[in-house]
Amino acid sequence: MGQSEAPLWTALEEYRAKVRARFHMPGHKGGAGAAGPLVGSLGRGALELDVTELAGLDELHRPTGPIARAQALAAELFGSDLTFFLVNGASAGLVAALLAACPAGAKVILPRHSHRSVVTGLILGDLEPIWIDVSLQPEFDITVGCEPRALLLAIEQAPDEAKAVVLQRPTYEGVIEDIERAVRLAHERDMVVIVDEAHGTHLRFDPQLPPSALEMGADVVVNSLHKTVGGLTQTAMLHVQGSRLDVERVRLALNMMQSTSPSYLLMSSIDLLRRELALEGARMVEDARQAASQVRKLFRERFRLLEARDLLAGYELDYTKVLVLTGSGFRLRDSLARAGVFVEYARPRTVLLIVTHGDGAQDVSQLRQAIYALPDDGEASVPNVPYGRGEVVLSPRRAFEAATREVQLRRAVGEISWAGITLYPPGAYAVLPGQVITEEDVEALLRCLEAGWSAHGILTSGGEPRVRVVRGEDCCPR
Ligand SMILES: Cc1ncc(COP(=O)(O)O)c(C=O)c1O
């Protein structure tokens, strides 16, 4: 079996060729019972492949047939010992990795800008975080990674109950932190290193970008396949290497976090993507590089972009993420959308575009016209975004279990946040669950809301913004 094969896709095609009547799930029966507009848009072809586990199609949770073979090919390509296909996004993989690596009560070292799924893992696993402060790129209002000395120090000084380090690399905006020393040090202390590489699947295939986390020795790496390469939305992979982790625990944790009716459309798209990366990876990387370079050039004529030189030593930039500084990110996003150009996200003073090999000459030309037609840009406004530095007194699990009350945001200084506050996009925590809300948090959050940013964890309906906080008697740290 070689990389030019796609065993899962082949098995699915064989099923389609054979099937004459479908007395099985899903209830739309290959599209005959699906809503008309869905059939019109997706076509019968897609709906005929929208099935879940059937005879001859293997089982995601106990694979022995085409899924096992497809996963083995992915492991070979990505350089892992074992690779699992994910249909609930990288989110499910990150939660499962934590559950598999840590017994309840264990401590986990992780940066304060960790994705919310990592915090979900802390809650479900009843784990105690050791939060690491993050470095900022203040002009672009982004976090870039752990404060380097803080991370190494935390690993060095970690108590014996510290079982895992979870790092995010690259960030949403494409900043790639150097994790080599941290991985080495964590391994010396016998900790499992889990890397959230949701935004870095392509690192493995691009020799001009830093190596992938697997190449840097991480024990578990989770890749989204729908962000920087061409998998269908929600597809991802979890890779394991080495012997620090019991892979049967990983399997069980994934079984708990993933649907028992996994979509074969999603899984076969993973198999086809793996084959394409194996056979055409170099061309895909080159196409993405060309497209990104044109997009960057177009924006540079009128805007300032985040460039590699804007980052401190130890951080590199993924050129496929284009972060544009502007007077109002929301205004720029809306102007581009009026011209039919949709971007990944807008924030008060930035807009983020993601470029992949899928962006062709037509897309670049559309963008060119839209940029030329833009009105003059105003001054970049809105002061820096809060990235909570306030003291954290409860673990996310203890905060989740606590009784709560609602208070006005402006009166929340000194209160303990219940579920945390995340600004959307990108969804990183501005205030962590269990964190004492500071005056700076409140001021910055009010400014962000005023600038039109939406926040999860702040109730804005009916007047004054309000937040849920932990009720007094429940606020003692465990
Ligand atoms: C840094 C980071 N990690 C993990 C995830 C979760 O990925 P998924 O959407 O595949 O669940 C995201 C999603 O946006 C992310 O930005």
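Quick note: the coordinates plus some simple rules give every number you see, no bench work behind them. Model, not experiment: these values are computed from the prediction. All Cβ positions, glycine included, derive from the backbone under ideal geometry; neighbour counts span all protein chains shown.
Please work out, to two decimal places, the log10 of the ratio I(q)/I(0) at q = 0.12, 0.20 Å⁻¹ from a Debye calculation in which every Cα of region 333-408 carries one identical scatterer.
So the normalised log intensities work out to -0.61, -0.96.
How high is the relative contact order of the chain? Use alpha-carbon pairs under 8 Å, at least six apart in sequence, and give a whole percent. Can you show the working numbers first?
Numbers: 964 pairs, mean separation 67.4, N = 478.
Normalised by residue count, the contact order of the chain is 14 percent.
Using a Förster distance of 35 angstrom, determine the FRET efficiency expected from the C-beta separation of Leu446 and Tyr372, and round it to 0.05.
0.45
Can you put Asp50, Asp190 in order, fewest other beta carbons within 10 Å first?
Working: Asp50 17, Asp190 10.
Lowest count first: Asp190, Asp50.
Under the definition of Cα pairs under 8 Å and six or more residues apart, what whole-number percent is the relative contact order of region 44-186?
Working: 172 pairs, mean separation 25.5, N = 143.
Over region 44-186, the number comes to 18 percent.
Nearest-5 percent of antiparallel DSSP beta bridges in the chain?
Details: 42 of 58 bridges.
DSSP beta bridges in the chain are roughly 70 percent antiparallel.
In 10 Å bins starting at 0, how do the alpha-carbon pair distances of region 98-175 split up by percent?
19, 49, 27, 5, 0
Gain in length, Arg302 to Val393, computed as 0.36 nm per residue apart minus the alpha-carbon separation, to one decimal in nm?
Values: separation 91, 0.36 × 91 = 32.76 nm, distance 4.55 nm.
Taking Arg302 through Val393 to full extension adds about 28.2 nm, to one decimal.
With each label point set 7 Å from Cα along the Cα-Cβ vector, what nm distance links Arg184 and Ser243?
About 2.3 nm, to one decimal.
What's the long-distance tail for the chain, i.e. % of Cα pairs beyond 35 Å? Display every interim value, and only then the final one.
Details: 41517 of 114003 pairs.
Taking all Cα-Cα pairs of the chain, the fraction more than 35 Å apart is 36 percent.
Quick check on the exposure proxy: order Thr52, Thr326 from fewest to most C-beta atoms within 10 angstrom. If you can, show how the numbers build up before the last one.
Numbers: Thr52 19, Thr326 26.
Going from sparsest to densest Cβ surroundings: Thr52, Thr326.
Tell me, rounded to the nearest percent, the portion of alpha carbon pairs in region 189-285 spaced more than 22 Å apart. It would help to have the intermediate numbers written out before the result.
Working: 1568 of 4656 pairs.
When every Cα pair of region 189-285 is considered, 34 percent fall beyond 22 Å.
Taking Cα centroids, how far is region 426-444 from region 43-92 in Å?
What the calculation gives is 39 Å, centre to centre.
If I take every Cα pair under 8 Å that is 6 or more residues apart in region 396-474, average their sequence separation and divide by the length, what percent do I get for the relative contact order?
Numbers: 144 pairs, mean separation 32.9, N = 79.
Dividing the mean separation by the residue count of region 396-474 yields 42 percent.
Which ³J(HN,Hα) values, rounded to whole Hz and listed in residue order, are derived for region 452-464 from phi using the Karplus coefficients 6.51, -1.76 and 1.60 in 6.51 cos²θ - 1.76 cosθ + 1.60 with θ = phi - 60°, glycine and proline given as x?
Result, rounded to whole Hz: x, 7, 9, 10, 8, x, 10, 8, 10, 6, x, x, 3.
State, to one decimal in nm, how far the label point of Arg309 lies from the label point of Gln362, with both points 7 Å from Cα in the Cβ direction.
Label at Arg309, label at Gln362, 3.7 nm between them.
When the chain is fully extended, how far beyond the present Cα-Cα distance does Tyr424 get from Ala282, taking 0.36 nm per residue of separation? List each step's numbers first, then the result.
Details: separation 142, 0.36 × 142 = 51.12 nm, distance 3.40 nm.
Length difference between fully extended and current span is 47.7 nm.
Assuming R0 = 35 Å, can you tell me the calculated FRET efficiency for the pair Arg410 and Glu379, based on Cβ-Cβ distance, to the nearest 0.05?
Working: r = 27 Å, r/R0 = 0.77.
Calculated value: 0.80.
Okay, helix-only estimate at 222 nm for the chain: each DSSP H run of n ≥ 4 adds -39500 (n - 2.57), divide by all residues, round to 500 deg cm²/dmol; what do you get?
Working: 13 runs with 168 residues, N = 478.
Dividing the helical sum by the residues of the chain leaves -11000 deg cm²/dmol.
Given C-alpha coordinates of region 281-372, what is the ratio Rg to Rh with the Kirkwood estimate of Rh? Don't skip to the end; give the middle numbers.
Details: Rg = 13.1 Å, Rh = 13.6 Å.
That ratio is 0.97, to two decimals.
Per 10 Å bin, what percent of the C-alpha pairs of region 59-274 does each bin hold, from zero upward?
Values per bin, smallest distances first: 9, 37, 37, 15, 2, 0.
Tell me, in nm to one decimal, what length is gained between Thr64 and Ser261 on full extension, where the rule is 0.36 nm per residue of separation less the Cα-Cα distance? Please report the intermediate quantities before stating the final value.
On the way: separation 197, 0.36 × 197 = 70.92 nm, distance 1.69 nm.
Full extension of this stretch gives 69.2 nm more.
Please report, in whole Å³, the volume per residue of the convex hull around the C-alpha atoms of region 404-448. Don't skip to the answer; put the middle values down first.
Working: hull volume 3.0 nm³, N = 45.
Cα-based convex hull of region 404-448, divided per residue, equals 67 Å³.
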